[in-house]
Amino acid sequence: MTQKISAAITAIGGYVPNDKLTNFDLEKMVDTNDEWIRTRTGIEERRILKGEGKATSDMVVPAVQELLAKRGITAEDIDCLIVGTVTPDMVFPSTANIACDKLGAKNAWGFDLAAACSGFLYALTIGAALVESGRYKKVVVAGADKMSAIIDYTDRATCIIFGDGCGAVLLEPDEEGFGVKDSILRSDGSGGKYLHMKAGGSLKPASVETVTNKEHYAYQEGQAVFKFAVKGMADVSAELLERNNLTGEDIAWLVPHQANKRIIDATADRMGLSHDKVMLNIQRYGNTTAGTIPLCLWEWEKQLKKGDNIVLSAFGGGFTWGATLIKWAYNS
Ligand code: UT7
């Protein structure tokens, strides 16, 4: 019997801008303080993409270039690029199309996928299905957001949380059972009212009025989102373990979306996972939306071992949420 093709992550790249925005910088911009931000969120600083003409694709490109170099292949080898993002360079064409052009990925097709903080998990599931179909051999999945483009830096409820960054993985066929093993993805559009951007879409196109009313910024009712996120992320992660007959002890790493350390702790506790198995870089990058999970994998790559069971877990705008189980495919 031939082994089913699975989609293994075979290389990772990442990019965070050089410019830092610290809690102390924010103290000078809005009525907040370092202690409040650290204790309520776990964040100390975030990265901001600065410079005229710099957009989300400018973070996707170096992240993808890094993974290509690690794998020893060229941009022309890429079959498909999927970019999870809610801060595309433009409404259209897609950031994936723009990034492919900048990369010289002449043989690739691609598209953007908008699922906010769950964007990487959604895109990973789609990318894995393309590889599992046997039709595509090299699919790149990126999670990238330039959140600073849609944040109101006079609104202390949102500006303390978000940052910019991109992580990307290469998916290739595997016949030994490594790679993406299972995924549970959920959504509930009734949660949209708690986290959204009011204008700029077909519902409310940009106008002088929408700009004056600051409707092109991320709007969040933090407490409501927090409540759903704690339950959603913990429940789906526990369900994923259960349906794969695993317990916390079988898991080498939890890779949680980095929105709030308190949500991450609750998820780890629910999974029966000790906190030293939880990847955490929220203190340095804040919430990079679709970027958080691949940026963790990027930073922890050297510690990952072939055969490790890894759970990725996210919750975000939509609402969207989910968890994915991976059997890690290589030692680096
Ligand atoms: O990634 C996408 C999904 N997003 C999330 O998962 C985010 C989920 N939500 C959160 O992480 C938290 O709700 C926040 C970090 C956004 C806010 O933390 P919180 O503990 O829920 O604070 P709160 O909104 O309940 O506010 C508590 C107090 C309020 O003051 P009073 O009414 O108790 O006097 C706020 O006005 O803290 C005040 N406050 C602040 N104080 C200093 C709110 N923001 C700030 C601030 N600095 N930046």
Among Glu176, Glu172, Glu209, which is open to solvent by 80 Å² or more (accessible area, probe 1.4 Å) and within 30 Å of Val236 (Cβ to Cβ)? Glu176
With (1) touching a Leu at 6+ places or on another chain (Cβ under 8 Å); (2) open to solvent by less than 60 Å² (accessible area, probe 1.4 Å) as the list, and Ile126 as the residue in question, which single condition is left unmet? (2)
Tell me yes or no: at least one residue of the stretch 264-281 is within 15 Å of the ligand (Cβ to nearest atom) and more than 30 Å from Ser190 (Cβ to Cβ). yes
Complete set of residues in the stretch 238-255 that are closer than 16 Å to Asp308 by Cβ and either in contact with a strand residue (DSSP E or B) (Cβ under 7 Å, 6 or more places away or on another chain) or among the hydroxyl-bearing types (Ser, Thr, Tyr) (or both): Leu240, Asn244, Leu246, Thr247, Asp250, Ile251, Ala252, Trp253, Leu254, Val255
Which of the residues belonging to the stretch 61-90 are touching a residue at least 40 places away in the same chain (Cβ under 8 Å) and under 28 Å from Gly222 (Cβ atoms)? Val83, Gly84, Thr85, Val86, Thr87
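Yes/no per residue for (1) closer than 19 Å to Trp36 by Cβ; (2) touching a helix residue (DSSP H, G or I) at 6+ places or on another chain (Cβ under 7 Å):
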position	(1), (2)
His257	no, yes
Asn260	yes, yes
Ile263	yes, yes
Met279	no, yes
Arg284	yes, no
Ala290	no, yes
Ile293	no, yes
Cys296	no, no
Lys306	no, no
Pairs where the first residue, in the stretch 187-202, is open to solvent by 40 Å² or more (accessible area, probe 1.4 Å) and the second is of a type in the set (A, V, I, L, M, F, W, C), C-beta under 7 Å, 6+ apart: Ser187/Phe319; Asp188/Phe319; Tyr194/Ala224; Tyr194/Val225; Met197/Ile150; Met197/Ala218; Gly200/Ala206
Helices (runs of 4 or more DSSP H) wholly inside the stretch 1-106 containing at least 1 residues that are more than 16 Å from the ligand (Cβ to nearest atom), more than 16 Å from the chain's Cα centre (by Cα) and of a type in the set (A, V, I, L, M): 57-71, 95-103
Screening Thr39, Thr56 for residues that are of a type in the set (S, T, N, Q) and loosely packed, with under 14 Cβ neighbours inside 10 Å leaves only Thr39
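Yes/no per residue for (1) modelled with pLDDT of 95 or more; (2) closer than 16 Å to Lys277 by Cβ:
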residue: Asn213; (1), (2): yes, no
residue: Val236; (1), (2): yes, no
residue: Leu241; (1), (2): yes, yes
residue: Asn245; (1), (2): yes, no
residue: Ile263; (1), (2): no, no
Every residue in the stretch 200-257 that is within 16 Å of the ligand (Cβ to nearest atom) and either assigned by TED's automatic domain parsing to the domain that holds Thr87 or acidic (Asp, Glu) (or both), please. Glu221, Asp235
Please go through the stretch 284-329 and give me each residue that is open to solvent by 20 Å² or more (accessible area, probe 1.4 Å), of a type outside the set (Asp, Glu) and part of a helix (DSSP H, G or I), ordered by number. Arg284, Trp298, Trp300, Lys302, Gln303
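The values are calculated or read from the model by the stated rules, or taken from the named source; none is laboratory data. Being a predicted model, the structure only gives us computed values, none of them experimental. Virtual Cβ from ideal backbone geometry, glycine too; neighbours counted across all protein chains shown. Protein only, heavy atoms only, side chains kept; ligands, DNA and RNA dropped before computing areas. Shrake-Rupley method; radii C 1.70, N 1.55, O 1.52, S 1.80 Å.
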